[in-house]
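Below: the structure, in structure tokens.
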Amino acid sequence: MASTDQPAIVADHLEKTFAVRHRAGRLRRHRIEVRAVDGVSFRVDPGEMVGYLGPNGAGKSTTIKMLTGILTPSGGSLATLGLDPTRHRTELAQRIGVVFGQRTQLWWDLPLADSFELLHHVYRTDRRRHEENLGSFVELLDMSSFMLTPVRQLSLGQRMRGELTAALLHDPALVVLDEPTIGLDIVSKLAVREFLVNLNRERGTTVLLTTHDLDDVEHLCQRMMIIDHGRVIHDGGVAEFKSTYGTHRTVVVDLVDAAPPLDVLGTMVTRVDGPRQRLRFDRSTTTAAQVIAGIVEEAAISDLSIEDLVRQVYDAGG
Amino acid sequence: MFGYLRAYILIGVAAAGGGEVAGWDEGLMVTFAFITQSLLAGTGAFGEQELAERIRSGDVVVDLYRPVDVQLWWLASWSGRSAYTFGSRGIPPMLLGAVVFDLRVPPDAATWIVFALSVVLASGIGFAIRFAANLVAFWLLDSRGVDQLVTLVLTFFGGLLVPIVLFPPWLEAVARLLPFAAMAQVPAEVFLGLHPGRGALTALATQLAWFVALLALGRVMLGAATRKVVIQGG
Ligand SMILES: Nc1ncnc2c1ncn2[C@@H]1O[C@H](COP(=O)(O)OP(=O)(O)OP(=O)(O)O)[C@@H](O)[C@H]1O
Ligand SMILES: [Mg+2]
């Protein structure tokens with residue numbers, strides 16, 4: 001619903017350093033600097049849906065806290081909806097929606113319906129608009145059966161639908177979602193995705209979301225950014241990403257004993273760490289089942305897993 | 001009940017002084033014991049850790065991304081709870097006390113009104129102090145010690161143990177210079193009619209000044225915290 005072409009987010013060499021103190025011996029204390037976000041630059045335009053990915057500790061949540069004005073950057077510059085987030089935190093709050101998947105902005109002891117009513121007052125939204133939005137969200141997210149349940153009794157999936165609604169009732173131009181699908185089952189995940197796609201299409205709401213689920217990104221976003229160790233290591237279209245990295249998969253096998261590189265048809269061993277070996281194969285010519293069968297024939301294994309795409313990019317980037 | 005215990009101790013004090021100490025007779029002492037007992041819960045004399053808890057867990061992010069002033073937000077929630085606790089935990093001690101003792105109740109409406117205002121301000125000061133004490137959690141992750149210290153100092157200098165008029169004069173003077181007296185001793189004195197006429201206005205003005213000053217302190221701390229300090233957890 002942004003009427004201007006003003007970018008939704010502009011980050012320029014954004015940095016955040018945390019000073020972490022920890023004990024070294026009885027009295028001495030070490031002070032270590034953690035560069036949680038280390039020179040991140042990007043721009044998000046109105047109406048975009050962007051996936052923000054990265055391994056644990058990459059700096060995703062820290063970036064989001066800065067975007068929303070909750071943390072002050074240590075360096076670089078940042079504009080969210082044209083505003084400096086730290087200086088205009090409250091003003092910005094009125095215009096953006098935020099979900100931190102691991103926290104709740106609902107009131108534990110109140111029924112969901114009462115939480116929404118309170119938010120109507122907190123955000124001073126227009127009564128008619130509030131009713132309209134609420135009605136449509138309740139329908140889209142299928143919430144009518146638990147609107148009167150106290151939040152503490154909701155299942156995670158139900159609560160997350162409530163959180164999304166809470167973040168969107170005031171018609172924000174930008175929503176920032178930190179792991180909105182964390183812990184959700186397939187049904188809830190699909191409901192949330194469908195809802196977000198719909199929101200973006202119907203209202204033109206700009207969406208920035210972090211997730212560990214590549215599926216989320218594939219279904220939701222046209223663009224993805226990958227961050228690791230505080231730096232952006234990939235920023236581009238999802239389709240393009242998939243064609244670059246998409247056809248290869250890596251199988252990680254833990255053998256019972258260390259062995260020379262395995263010779264399995266259609267694969268190439270990329271790394272050997274003692275009993276652990278990594279075999280790369282091309283998904284378009286060989287199936288995972290064939291590879292696994294081949295490995296089992298070759299050696300006794302104790303564990304095996306297939307790494308996904310994103311992991312390979314982290315490895316390549318790190 | 002704790003109110004009775006304190007009442008009997010103060011009766012003992014008055015008796016030892018030949019029926020009167022520092023100008024306070026038995027009736028004043030007893031009423032003081034019960035009225036301060038009534039003030040305890042609503043002014044947060046038992047400590048308050050909710051905000052500190054949210055800072056510790058990182059849930060405070062939710063408070064920070066709402067389009068409302070964080071301090072006013074907590075003040076509103078405090079006021080609601082405080083009004084409720086005055087009703088549920090403030091009135092019963094007075095009634096219980098009145099069963100056994102002859103309590104000194106304000107004779108005129110004006111005193112009641114001043115007393116009501118004084119209680120509201122006392123609760124406001126209670127809020128402002130606890131808010132600031134809770135914010136310490138941004139720097140020291142465990143701010144429970146600070147909260148307990150506030151409770152301890154409040155109990156002593158606020159007159160919750162014994163009325164501060166029983167202190168040696170120099171210590172009473174110190175107590176009167178601190179905000180804690182404004183949370184318990186002063187509203188109790190107003191109730192007892194010890195601030196007649198213009199004295200009532202002075203008492204209220206002092207309380208108001210403390211309220212405003214401590215709110216300002218909390219505000220400065222909040223500003224510093226959000227600028228420099230760190231939010232816990234992903
Ligand atoms: N309050 C803090 N104090 C010290 N270090 C912190 C703090 N918050 C985050 N960090 C560090 O900053 C880095 C980035 O953390 P952040 O929470 O942004 O990661 P993330 O990408 O959201 O990870 P995850 O996928 O696990 O949620 C980590 O190394 C983390 O340890
Ligand atoms: Mg995170």
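Tabulated results
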item	result
Every pair of residues 6+ apart whose Cβ atoms lie under 9 Å, when the first sits in the stretch B:213-234 and is more than 14 Å from chain A (Cβ to nearest Cβ) while the second is at pLDDT 85 or above and part of a loop (DSSP other than H, G, I, E, B)	B:Ala213/B:Pro179; B:Leu214/B:Pro179
Residue match in the stretch B:98-105 (condition: open to solvent by 30 Å² or more (accessible area, probe 1.4 Å), within 14 Å of chain A (Cβ to nearest Cβ) and of a type in the set (Lys, Arg))	no
Single residue of the stretch A:100-116 satisfying the filter (open to solvent by less than 30 Å² (accessible area, probe 1.4 Å) and facing chain B (nearest Cβ under 10 Å)) that is farthest from A:Ala79 (Cα to Cα)	A:Leu106
Options B:Trp170, B:Trp210: the member that is of a type outside the set (D, E, K, R), open to solvent by 50 Å² or more (accessible area, probe 1.4 Å) and under 18 Å from the mean Cα position of the chain (by Cα)	B:Trp210
Check on B:Phe46, among the aromatic types (Phe, Trp, Tyr), within 26 Å of B:Val153 (Cβ to Cβ) and at pLDDT below 85	yes
Single condition B:Ala128 does not satisfy, out of (1) out of contact with any Lys or Arg (no Cβ under 7 Å at 6 or more places or on another chain); (2) open to solvent by 10 Å² or more (accessible area, probe 1.4 Å); (3) farther than 20 Å from B:Gly23 by Cβ	(2)
The listed residue being in contact (Cβ under 8 Å) with a residue 40 or more places away in the chain, in contact with a His (Cβ under 8 Å, 6 or more places away or on another chain) and more than 16 Å from ligand 2 (Cβ to nearest atom), out of A:Gly59, A:Gly82, A:Gly97, A:Gly47	A:Gly97
Residues within the stretch A:38-58 that are open to solvent by less than 10 Å² (accessible area, probe 1.4 Å) and within 7 Å of ligand 1 (Cβ to nearest atom), tallied	2
Lone qualifier among A:His120, A:His170 - being touching a His at 6+ places or on another chain (Cβ under 6 Å) and within 30 Å of A:Gln6 (Cα to Cα)	A:His120
Strands (runs of 3 or more DSSP E) (entirely within the stretch A:183-277) containing at least 2 residues that are open to solvent by less than 30 Å² (accessible area, probe 1.4 Å), over 30 Å from A:Glu297 (Cα atoms) and in contact with a strand residue (DSSP E or B) (Cβ under 7 Å, 6 or more places away or on another chain)	A:206-210, A:223-228, A:231-237
Unmet requirement for A:Val50, which otherwise passes all of (1) of a type in the set (Val, Ile, Thr); (2) under 22 Å from B:Leu64 (Cβ atoms); (3) more than 10 Å from every other protein chain (Cβ to nearest Cβ)	(2)
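The values are calculated or read from the model by the stated rules, or taken from the named source; none is laboratory data. This structure is a prediction, so every number in the text was calculated from the model and none was measured. Counting neighbours? That spans all protein chains shown, and the Cβs are built from the backbone with ideal geometry, glycine included. Keep in mind that these areas ignore ligands, DNA and RNA; they rest on the heavy atoms of the full protein, side chains included. Shrake-Rupley method; radii C 1.70, N 1.55, O 1.52, S 1.80 Å.
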